[in-house]
Amino acid sequence: MPERTNSSAVPRHVAIIMDGNGRWARQRALPRQAGHRAGVKPVRRVVESCAERGVEVLTLFAFSSENWQRPAEEVRGLMSLFVDALDREVEELDSNGIRLKFIGDLTSLNPVLLERIRAAELKTLQNTRMTLVIAVAYGGRWDLAQAAKRMAAEVTEGKLKLDDINSECLASYLALADLPDLDLLIRSGGEQRVSNFLLWEIAYAELFFTDVLWPDFDANELTRAFDFFCGRERRFGQTSDQVGAATC
Ligand code: FPP
């Protein structure tokens, strides 16, 4: 991959809800798993493209807490797709300077996948070009609940003072603690909702929705999302005058 370029117009942290695999497959009279398999190629494309553009963190929603309710065969298919993707891609991600990080209730995953995840995280730990976060068995509500539980435990043990709890403190217990704030959330597949993804982190993120189904998501669509981001005036609660003109 070419080296990344730096620009103030580039979002530091991009997250994607990769929706539409099932409909893509149905349109072709294929099983849903074929749609999920077709969804791997655009993952490679966006990882390469985001690294080239200078994005620092890319967070992908691969499997939600609620996706466990899908038919067992589909869940099994997705889990084995994740194992295969890790087996195939980690070497190249590592040689391209990408750090892999997984968030979610990983204890609920099967031991084979969990072992691959831990190995991939360890292997790529020192990489600094871009962090690729994969959300598996993740839900925004799960994240807030686990943060609250850990904070409560520390208060009980006397390690955390009740008076020290504020939004910064809470953020440091979330799965994405220590990473830059989310700038841009992209959702493919035509729905305009957040579906229990990064609930805390979307506070000031720009939201880009596209009808394109995930397997068809390409460099053009990513450029459209970045152009959209570029055109936004981000005020973070201030006035237009206070934040000055946008720089794109
Ligand atoms: C949502 O589409 C997609 C998923 C639940 C799975 C996402 C998985 C991939 C894109 C495979 C590759 C991922 C990695 C990280 C290697 P849907 O099934 O809800 O589609 P529908 O709304 O059209 O039914």
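The values are calculated or read from the model by the stated rules, or taken from the named source; none is laboratory data. What you see is a predicted model; the values in this text were computed from it and never measured. Backbone-built Cβ (ideal geometry, glycine too); neighbour counts: all protein chains shown. Just so you know, the surface numbers come from the protein's heavy atoms only, side chains and all, with ligands and any DNA or RNA stripped out. Shrake-Rupley method; radii C 1.70, N 1.55, O 1.52, S 1.80 Å.
Some points to look at:
- Amide proton proximity set for ARG99, modelled H, under 5 Å, gap of 5+: ARG129, MET130, THR131, LEU132
- About the centre of its Cα atoms, the stretch 1-151 shows a dipole size close to 340 debye [charges on the beta carbon of Lys, Arg (+1) and Asp, Glu (-1) only; nearest 20 debye].
- Convex hull volume per residue in cubic angstrom - Cα atoms of the stretch 59-144: 87 Å³
- Residue-normalised convex hull volume from the C-alpha trace of the chain: 140 Å³ per residue.
- Accessible area per residue for the chain, computed on protein heavy atoms with a 1.4 Å probe, is 53 Å².
- Taking the accessible area of the stretch 56-176, probe 1.4 Å, and keeping the other protein chains in place, the carbon and sulfur fraction comes to 53%.
- Summed over qualifying helices (DSSP H, 4 residues or more, each -39500 (n - 2.57)) and divided by its residue number, the chain shows a 222 nm mean residue ellipticity of -12500 deg cm²/dmol.
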